[in-house]
1. For segment 23-39, name all the residues that are open to solvent by 100 Å² or more (accessible area, probe 1.4 Å) and either touching a Pro at 6+ places or on another chain (Cβ under 7 Å) or part of a loop (DSSP other than H, G, I, E, B) (or both).
2. Consider segment 54-70. How many of its residues are at pLDDT 65 or above and at negative phi?
3. Looking at segment 10-22, which of its residues are surrounded by fewer than 11 Cβ atoms within 10 Å (Cβ to Cβ) and over 14 Å from the mean Cα position of the chain (by Cα)?
4. When segment 1-22 is examined, which residues are found to be of a type in the set (A, V, I, L, M, F, W, C), over 14 Å from Thr48 (Cα atoms) and not in a helix (DSSP H, G or I)?
5. For segment 40-58, give me each residue that is exposed (fewer than 14 other Cβ atoms within 10 Å of the Cβ) and among the charged types (D, E, K, R).
Amino acid sequence: MGRPPFDVFNAESEDIEFYLERLQEYFTAYDIRNDTDSPAKRRAILLTSLGSGAYRVLKDLFLLDKYKDF
């Protein structure tokens, strides 16, 4: 059985700092370490958990498609 998805970020009901703290606990609970193999996985979990609105803003600001292979 796979990991449950992490909650989608809702800026209207949660502070981003609190959300990122909970995301760190999710990484710890599912042994997603901050080592050489995991940054892409951690980034993917964060980006897919932000929700479409926040993802769109990040994509517009940082051109995420350009950097998806890093």
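The values are calculated or read from the model by the stated rules, or taken from the named source; none is laboratory data. Because the structure is a prediction, the values reported are computed rather than measured. Cβ: placed from backbone, ideal geometry, glycine included. Neighbour counts: every protein chain shown. Ligands, DNA and RNA are excluded from the accessible area calculation, which covers all protein heavy atoms including side chains. Shrake-Rupley method; radii C 1.70, N 1.55, O 1.52, S 1.80 Å.
1. Of segment 23-39, the ones open to solvent by 100 Å² or more (accessible area, probe 1.4 Å) are 25, 33-34, 36-37.
Across segment 23-39, the qualifying residues are Arg33, Asn34, Thr36, Asp37.
2. Let us first name the residues in segment 54-70 that are at pLDDT 65 or above, namely 54-63.
Narrowing the set further to residues that are at negative phi leaves 54-62.
Summing the residues that are at pLDDT 65 or above and at negative phi in segment 54-70 gives 9.
3. Passing the criteria: Glu12, Ser13, Asp15.
4. To start, the set of residues in segment 1-22 that are of a type in the set (A, V, I, L, M, F, W, C) comprises 1, 6, 8-9, 11, 16, 18, 20.
Narrowing further to those that are over 14 Å from Thr48 (Cα atoms): 1, 11, 16, 18.
Answer for segment 1-22, where residues must be of a type in the set (A, V, I, L, M, F, W, C), over 14 Å from Thr48 (Cα atoms) and not in a helix (DSSP H, G or I): Met1, Ala11.
5. Lys41, Arg56
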